[in-house]
Structure formats: C-alpha cells, structure tokens
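Here's the structure, in structure tokens; my notes come after.
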Amino acid sequence: MSDEQQPTEGHGPDVEGLRAEHLTFPPPESFARNATATRALYEEAEADPLAFWEQRAREKLSWDRPFETVLEWDPPFAKWFLGGRLNVAYNCVDRHVENGLGDKVAYHWIGEPGDRRTLTFADLQREVSKAANALKELGVRTGDRVAIYMPMIPELPIAMLACARLGAAHTVVFGGFSAEALSGRIQDAQAKLVITADGGWRRGKPVDLKTAADEAARACPTVEHMLVVRRIGETGTSGKAPAPAVMEPGRDIWWHDIVQRQSADCPPVPIDSEQLLYLLYTSGTTAKPKGIIHTSAGYLLGTSLTHELIFDIKPDDVYWCAADIGWVTGHSYIVYGPLANATTGVLYEGAPDTPGWDRWWQIIDELKVTVLYTAPTAIRAFMKQGEALPAQHDLSSLRLLGSVGEPINPEAWLWYHVNIGGERCPIVDTWWQTETGMILISPLPGVTTTKPGSATFPFPGIAADVVDNEGQALPLGESGYLVLKEPWPAMLRGIYGDPERYRATYWSRFPGMYFAGDGARRDEEGYFWLLGRVDDVMNVAGHRISTIEIESALVDHHSVAEAAVVGKNDPVTGQAIFAFVTTKVGVDSADALGRELREHVAKVIGPIARPRYLLFTPDLPKTRSGKIMRRLLRDVAEGRPLGDTTTLADATVVESIRAGASASDDG
Ligand code: WTA
C-alpha cells in the first residue's frame, strides 16, 4: 500500500457534513406503519447471519434443486448455497407468469424521442425465450460469454436474461465506452457473440454503436457473430437519416431477422448456484480494468432482498432506478433485483435534459412513479436548474427516494427531500460497489432515522467496520478505512482470470478483511459517513474512473512524455478530471495539442474519461524514489496551500507548476 492511500485532507468530512450530523429525520409514522422492513431484522441477522441468509434464500428464490450448504468460506474465496440449482431468468420472469402475474407490467419503456413500449411479464417471457433460442442458433452454450454493448432499450435486459436463461454469462459494456475499451473487455472475457444496436438516442442525436462494435471486434478472434438491434434506422424522428449500419455478411445478423422467427418455448437451463452470471469490468488502481465475477444464486438473493427491503417494494409500486444498465446499479437494481421481486419498473433511454430539464419530472407524473433511485450528481445537476421545474409537475405519487454512487452532500440531500420528495419521502442513501453486487450500507426506510449525508448502518447480516492503518477497529468518531469482515451472498467471487490480483487488491491490505477502497467514519451514534475513495480511483458524475487508466492513455500519445491525473472537486460531478501533462522535448504545448489529447483519451477509453482540465507543465512533482506525488497535484488543482513537500526530489517543481500557467477548462 502506498502513501497515496491514506485519507487525505481533501477527503475529510466538510464543515457542512459536520453540521448535518445534528440534523435528523425520523421515519414518517405513516410510512413506518406499512414498512416491509422491521428493526427485528437486525437482531435476527446478528444472532445467526448464516441462518438469516439461508432462510431468505429458501423463501425468496425458486430452486430446481435445493442447496445443501449455505456457505463454504475459504478466504478470500466464497461459495454460497452449494448443491443448489436454479435458473436466474426463470426466477426473474417465468415464475411470476406462473403465479398469475403475466399481465403485470415489467417495464414501462420511454425512448428519448418519445416513443413508448410496455412489456408485461408475459411479454418478457416470450421475448426472452425467443432471444435465447436465437442465441442458441448462433452457437451460444451454457458457460459461454456474450458481450453486450447497447443503448437503454428493452432488448438490453432481454439480452441479459436470454443469456441467463441458457446459463451463459454476459458482460455488458456501457455505451459510452470506446471501441478500444470494448475490445479489451471482449478479449478478456473471450466472448463469442457481441450484441449491439445500430445506435441509441442521446440529446436528440443518434449515437452510433455499431461502428465502434465493428472496430472493437476486429481485434477479437473469439467473436463469431454480431447480433444487431435496429433502433436508429426505424425511429428517424429527428428528420436526419443516419447512415445505415453496415452488416458484415456471415458474421452480422439483425435481431429482428433471427429473433422474430424463433419459438417462444425455451426451457430455462438449471445451473449451479455458483455458475458465472456475469462479468462487469470496473476501474481499479492500475491501467487494466478488472472483470468482476458475479455468480448466480447468492447474487440474486442479495439483490432481490435488499431491493425489497431498502426500497420498501409493494406489489403496486412503479419503481424507477434512473441509472444506465451498463453499470452495476443497473444490473442489480434495474434488472435482477426488481425483476426477481416482480416489480414494475421504468426504463428511460435518454438524457435528463432532453428535450428539457423537466423530462424526469414529466415521466414521474405520467407513470405515477412511486420510488426513484438516482445519483447525487444528477440531483446537483437538477438543483442548478432551480426548483421551478419539478414544481410544475405532480410528483405526489413518489413515496421513497434513493441515492447511490458517491457521498451525497447535505445540501443536495435537503434539496432532494424538499423539492422532489415533498418533505414526505424517506431518503435511502445506499453505499455499495460493483464488487459488493448488492447494497451493503443503507437506512431501512420506516425503521432508520436518517441524517443527510450518512448512509447510516450496515444492512442486516453485513459486518462493516472502520479500521485504522493496522486494521484495528476504530472507536466511534474517528476516520479510517471501510472494511467488511464477513462474506455476503452477492459479493464478487474474484477477478476474471486473475485470482492473485483478486487477493492482492481486496484482501491483502488488512488480512482477513475485504478492503473497499473507501474512507469512512462512524459518528458517536454509530452512523457510517463515507468519505470518498482513498486510492487512485476518481468518481466523476458517479462513474468510477482510474487516474492511472487516463495517465496511460495520455502517455500513449506520441507527444506526451509524462502525465499525472487527479480528481478536482466539482460542484456538479463530484470530481472532475484534471490532467497534468509534460510533453516531449520540442513539442509545442499549444491549445491544439490540448484538444488533441482530450480527443485521444476519449478515443482510447471513452468520452466519460475526457479530462476537463489540462495543464502542461515542464515537470511533475516526484518523491526521491520517482513516484508522482498526486497529493500535491490535488493541492494545486484545488488551489489549496501545499501540503508537506519535504519528500519531494525537487521542491521547486510544484511552485513552478503553480506559477506557470492556469489550466485550460473544457467544461
Ligand atoms: C462510491 C456503484 C458514498 C464509493 C454502486 C464506492 C458511495 C464507489 C456511495 C463504487 C454512497 C457508492 N456514499 N460513496 N452512497 N455509493 N459510492 O463500483 O466510493 O461504480 O467505492 O458502484 O462509489 O462505485 P461503483
């Protein structure tokens, strides 16, 4: 562990946070009366965590063969519900149809241009079965991997469930990633099929995905076929006809050509509890993203149980998690958790500001949404537009609000509470990660008294703690590192193809404990306050991005000698990407190069990684052992007084950076 991984001044609780500690919101009585979760859950789970998980697994999931062993724990490798067999798609779709819920809406889908589709559970069963038969025809078998690179259209969850129906694993790659990023993920997963679309709508424009998928597939010998949904070709509402997708004969096939003619009968394949359900790539502290492994039964239990209790799900709820399915939030809380609970959900394809900044409030009003789950960065973006826009719509159907992705500042919390929640909706601030699969720290609505900015307490059965540098539990009131001391059902099972890296990344910092990479503090009442990442991972608009990944993209450019990237605090996106770049001798560091480098990063990783600030500097501050001191660069980026500079090899470097120039701002 490097000296960079200490909680730094910039990550400490701010003055506002300290004040908010004294602001408390007890659950409204009317909510508490009907709440699904009860305080007794904590005691039950604490008394015997394994019995708690076991009972829920038997109750909530439908098994083809019941499991024999709840947990086999050979640290850091966990196996849950051994001996059991089930099918995840059956649990998410078919059993609800069998139980008489075939006509219940599974998804209300709204396309950005305004087109709509409603899928009932019976529709979903038919579409998933047909898609699964099409995958079979294309050679997909139990145990294979399928890469999915799609916009937010119904075919995305359908494709995921079709994989699950066959016992094949998917790896969904967010549509905002570049061809190169997609290619790396396809290669690592050795996917044999890519499912994509001719594009999706974003801010009134078609966004091409097929061209990027083609470029990605060129370097991927494992890819046998590409299945393409026509989304843009037939909408054309903007009046501009985009160039039609180019199909490669023999490899590419249109979704409507192969799926429509399939039989709607496709028996779900019973698979082992620990069968791979999906891989999801996430940024870590190195340049290469990690393929996080999630398996079937434990993941489905963890996501469906937390979804039911934390979002207080009732049969008539209209639940909207406004994330993109390309991230873990979408996997767990748009697809698997809600569908396993037979919940009616909302899927919206586009941007929150299109055609206007009240698009979401319009959707809530129209569909009578009852539960909304979103990210602080979105809330802050809405705040900037003022309270008049939500006030123009009837949001009285809402009864519960959720937040995820980064610490929510009390100001945003209060704005959300007042302007969206009408001061009547409890807010659940949910802490979790791609790796944890399910929410681990969150209020239970109707039970927990909340404090703006605190994720409050671990979910029943979850052993979270805050420890010091040596792994010793800290007394209440002190800041340290967030760890998990016991395994949980939806936890990652490893990093695809790299068990050593799994051990080193998560389990070596504090032996016997899972290290989340987040700083945390518990207040005098035991509430957890998350303090942000303590490693080289940034959180930009709720997206996890590694500083090192961007640095390696920058130095990959022929003009760049060296680069260092830090996160700069940003009032809307949480953090903004700030790049310090040293060019090679003789290269003119002009505006044009700044633009070129930003483009280059967008091409290598994706537009979400494009540096907002870029500063050319003659040198970078380094320790005597040659390590770049990002802590000092963060000080420069924030315009703060410099911290300790005594370990610098050349103490004049930072001052000269600071004096030299101001960064160009791309915002
Ligand atoms: C951060 C997203 C504070 C945290 C589900 C974590 C949060 C990282 C919260 C995981 C929260 C997520 N309060 N911080 N409620 N939720 N985080 O993998 O730093 O995209 O480690 O998963 O987001 O990001 P990931």
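The values are calculated or read from the model by the stated rules, or taken from the named source; none is laboratory data. What you see is a predicted model, and the numbers here were worked out from it, not measured in a lab. As a convention, Cβ positions derive from the backbone with ideal geometry for all residues, glycine included, and neighbour counts pool all protein chains shown. Heads up: the accessible areas ignore ligands, DNA and RNA and are worked out on the full protein's heavy atoms, side chains in. Shrake-Rupley method; radii C 1.70, N 1.55, O 1.52, S 1.80 Å.
Mind checking which residues of segment 351-366 are of a type in the set (G, A, S) and open to solvent by 10 Å² or more (accessible area, probe 1.4 Å)? Spell out how you get there, then give the answer.
Step one: filter segment 351-366 for residues of a type in the set (G, A, S), giving 351, 356.
Correct list: G356 only.
What tally of residues in segment 120-155 results from selecting those that are in contact with a helix residue (DSSP H, G or I) (Cβ under 7 Å, 6 or more places away or on another chain) and farther than 29 Å from I293 by Cβ?
1
Just checking, which of E46, E9, E16 is at pLDDT 95 or above, among the acidic types (D, E) and open to solvent by 30 Å² or more (accessible area, probe 1.4 Å)?
Working: E9 fails: at pLDDT 95 or above; E16 fails: at pLDDT 95 or above.
Residue meeting the stated conditions: E46.
Every residue in segment 419-446 that is within 24 Å of L389 (Cβ to Cβ) and near the ligand (Cβ under 8 Å from one of its atoms), please. Lay out the reasoning, then the answer.
Going through segment 419-446, the residues within 24 Å of L389 (Cβ to Cβ) turn out to be 419-429.
Across segment 419-446, the qualifying residue is only D429.
Table: residues versus (1) under 22 Å from Y90 (Cα atoms); (2) in contact (Cβ under 8 Å) with a residue 60 or more places away in the chain; (3) outside the structural domain of A169 (by TED's automatic domain parsing); (4) within 16 Å of the ligand (Cβ to nearest atom).
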site: I313; (1), (2), (3), (4): yes, yes, no, no
site: Y319; (1), (2), (3), (4): yes, no, no, no
site: D324; (1), (2), (3), (4): no, yes, no, yes
site: V328; (1), (2), (3), (4): yes, yes, no, yes
site: Y336; (1), (2), (3), (4): yes, yes, no, yes
site: R359; (1), (2), (3), (4): no, no, yes, no
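Among the residues of segment 464-484, how many are touching a strand residue (DSSP E or B) at 6+ places or on another chain (Cβ under 6 Å) and open to solvent by 10 Å² or more (accessible area, probe 1.4 Å)? If you could, list the steps in order and put the result at the bottom.
Within segment 464-484, the first condition is being touching a strand residue (DSSP E or B) at 6+ places or on another chain (Cβ under 6 Å), and the residues that meet it are 464-468, 473-474, 476, 479-484.
Okay, now just the ones that are also open to solvent by 10 Å² or more (accessible area, probe 1.4 Å), so 464-465, 468, 473-474, 476, 479.
The total comes to 7.
Scan segment 643-667 for residues that are at pLDDT 75 or above and not in a loop (DSSP other than H, G, I, E, B) and jot them down.
T652, V653, V654, E655, S656, I657, R658, S664, D665
If only one of R640, R624, R630, R610 is out of contact with any Ser or Thr (no Cβ under 6 Å at 6 or more places or on another chain), modelled with pLDDT of 90 or more and basic (K, R), which one is it?
On the way: R640 fails: modelled with pLDDT of 90 or more; R624 fails: modelled with pLDDT of 90 or more; R630 fails: modelled with pLDDT of 90 or more.
Of the residues listed, the single one that is out of contact with any Ser or Thr (no Cβ under 6 Å at 6 or more places or on another chain), modelled with pLDDT of 90 or more and basic (K, R) is R610.
Just a yes or no: is a residue in segment 186-193 over 24 Å from the mean Cα position of the chain (by Cα) and among the acidic types (D, E)? Even if it seems obvious, please write down each step before you answer.
Kept after step one, since they are over 24 Å from the mean Cα position of the chain (by Cα), are these residues of segment 186-193: 192.
Next, from what is left, pick out any that are among the acidic types (D, E): none.
For segment 186-193, residues over 24 Å from the mean Cα position of the chain (by Cα) and among the acidic types (D, E): absent.
If I filter segment 387-410 down to residues being in a loop (DSSP other than H, G, I, E, B) and open to solvent by less than 20 Å² (accessible area, probe 1.4 Å), which single residue comes out as nearest to the ligand (Cβ to nearest atom)? Write out each step before concluding.
Quick first cut of segment 387-410, residues in a loop (DSSP other than H, G, I, E, B) only: 387, 392-399, 405-409.
Among the residues that remain, those that are also open to solvent by less than 20 Å² (accessible area, probe 1.4 Å) are: 395, 398, 408.
Details: L395: 22, L398: 19, I408: 7 Å.
Per the criteria, the residue is I408.
With respect to N569, is the statement that it is surrounded by fewer than 19 Cβ atoms within 10 Å (Cβ to Cβ), within 16 Å of the ligand (Cβ to nearest atom) and either within 23 Å of G176 (Cβ to Cβ) or at pLDDT below 90 (or both) true?
Numbers: surrounded by fewer than 19 Cβ atoms within 10 Å (Cβ to Cβ): yes; within 16 Å of the ligand (Cβ to nearest atom): yes; either within 23 Å of G176 (Cβ to Cβ) or at pLDDT below 90 (or both): yes.
In short, yes.
Filter segment 344-356 for residues that are assigned to a loop (DSSP other than H, G, I, E, B) and in contact (Cβ under 8 Å) with a residue 40 or more places away in the chain and give the result. If you could, list the steps in order and put the result at the bottom.
Narrowing segment 344-356 to residues assigned to a loop (DSSP other than H, G, I, E, B): 349-356.
Hits for segment 344-356 are E349, G350, A351, D353, T354, P355.
Is it true that V566 is over 20 Å from A378 (Cα atoms), part of a strand (DSSP E or B) and touching an Asp or Glu at 6+ places or on another chain (Cβ under 8 Å)? Quick ask: steps written out before the conclusion?
Details: over 20 Å from A378 (Cα atoms): yes; part of a strand (DSSP E or B): yes; touching an Asp or Glu at 6+ places or on another chain (Cβ under 8 Å): no.
Against the criterion (over 20 Å from A378 (Cα atoms), part of a strand (DSSP E or B) and touching an Asp or Glu at 6+ places or on another chain (Cβ under 8 Å)), V566 does not qualify.
Could you please find all residues in segment 584-619 being farther than 28 Å from V207 by Cβ and open to solvent by less than 30 Å² (accessible area, probe 1.4 Å)? Quick ask: steps written out before the conclusion?
The initial filter retains those residues of segment 584-619 that are farther than 28 Å from V207 by Cβ, namely 584-590, 615-619.
Selection gives L615, T617.
Starting from segment 29-56, take each residue that is over 15 Å from P426 (Cα atoms) and list its partners that are acidic (D, E), counting only C-beta distances under 6 angstrom and pairs at least six apart or across chains.
Correct list of pairs: F52/E44.
Going through segment 524-563 one residue at a time, which ones are of a type in the set (S, T, Y), within 16 Å of the ligand (Cβ to nearest atom) and not in a strand (DSSP E or B)?
First pass over segment 524-563, keeping only residues of a type in the set (S, T, Y): 527, 546-547, 552, 559.
With the extra rule that they be within 16 Å of the ligand (Cβ to nearest atom), the set shrinks to 527, 546-547.
If the condition is that a residue be of a type in the set (S, T, Y), within 16 Å of the ligand (Cβ to nearest atom) and not in a strand (DSSP E or B), then Y527, T547 are the ones that fit.
Considering only residues of segment 509-518 that are near the ligand (Cβ under 9 Å from one of its atoms) and of a type outside the set (A, V, I, L, M), which is farthest from E435 (Cα to Cα)? Please lay out each step first, then the result.
First pass over segment 509-518, keeping only residues near the ligand (Cβ under 9 Å from one of its atoms): 516-518.
Adding the requirement that they be of a type outside the set (A, V, I, L, M) leaves 517-518.
Working: G517: 11, D518: 13 Å.
Applying the filter and picking the extreme gives D518.
Quick one: count up the residues across segment 566-577 that are within 16 Å of G606 (Cα to Cα) and in contact with a Pro (Cβ under 8 Å, 6 or more places away or on another chain).
Looking only at that region, the number is 1.
How do the strands (runs of 3 or more DSSP E) wholly within segment 236-314 filter down when requiring 3 or more residues that are on the phi < 0 side of the Ramachandran plot and under 18 Å from the mean Cα position of the chain (by Cα): which remain?
Values: elements: 252-254, 276-282, 290-295.
By residue number, 276-282, 290-295.
Restricting the search to segment 361-373, which residues are in contact with a helix residue (DSSP H, G or I) (Cβ under 8 Å, 6 or more places away or on another chain), within 25 Å of M150 (Cβ to Cβ) and either of a type outside the set (A, V, I, L, M) or in a loop (DSSP other than H, G, I, E, B) (or both)?
So the first thing to find is which residues in segment 361-373 are in contact with a helix residue (DSSP H, G or I) (Cβ under 8 Å, 6 or more places away or on another chain), and the list is 361, 369, 372-373.
Applying the additional criterion that residues be within 25 Å of M150 (Cβ to Cβ) yields 369, 372-373.
V369, Y373, listed by residue number.
Table: residues versus (1) surrounded by fewer than 24 Cβ atoms within 10 Å (Cβ to Cβ); (2) of a type in the set (G, A, S); (3) within 13 Å of M160 (Cβ to Cβ); (4) in contact with a Phe, Trp or Tyr (Cβ under 9 Å, 6 or more places away or on another chain).
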position	(1), (2), (3), (4)
P270	yes, no, no, yes
A287	yes, yes, no, no
H294	no, no, yes, yes
G302	no, yes, no, yes
H307	no, no, no, yes
L339	no, no, yes, yes
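Somewhere in segment 460-475, is a residue more than 9 Å from the ligand (Cβ to nearest atom) and over 29 Å from G494 (Cα atoms)?
The initial filter retains those residues of segment 460-475 that are more than 9 Å from the ligand (Cβ to nearest atom), namely 460-475.
With over 29 Å from G494 (Cα atoms) added as a condition, the list becomes 475.
Within segment 460-475 (the criterion being more than 9 Å from the ligand (Cβ to nearest atom) and over 29 Å from G494 (Cα atoms)), the answer is yes, since at least one residue qualifies.
Can you say whether V140 is in the same structural domain as D252 (by TED's automatic domain parsing) and either open to solvent by 30 Å² or more (accessible area, probe 1.4 Å) or under 20 Å from the mean Cα position of the chain (by Cα) (or both), as far as the supplied structure shows?
On the way: in the same structural domain as D252 (by TED's automatic domain parsing): yes; either open to solvent by 30 Å² or more (accessible area, probe 1.4 Å) or under 20 Å from the mean Cα position of the chain (by Cα) (or both): no.
No.
If you go through segment 105-128, how many residues are of a type in the set (D, E) and within 26 Å of R203 (Cα to Cα)? Steps first, please.
Of segment 105-128, the ones of a type in the set (D, E) are 112, 115, 123, 127.
Now restrict to residues that are within 26 Å of R203 (Cα to Cα): 112, 115.
Looking only at that region, the number is 2.
Assuming G480 fulfils every condition listed in (1) under 29 Å from S304 (Cβ atoms); (2) touching a residue at least 40 places away in the same chain (Cβ under 8 Å) apart from one, which condition is it?
Only one criterion in (1) under 29 Å from S304 (Cβ atoms); (2) touching a residue at least 40 places away in the same chain (Cβ under 8 Å) is unmet by G480, namely (1).
Quick one: is F174 open to solvent by 10 Å² or more (accessible area, probe 1.4 Å) and touching a His at 6+ places or on another chain (Cβ under 9 Å)? Steps first, please.
Values: open to solvent by 10 Å² or more (accessible area, probe 1.4 Å): yes; touching a His at 6+ places or on another chain (Cβ under 9 Å): yes.
Taking the combined requirement at face value, the residue satisfies it.
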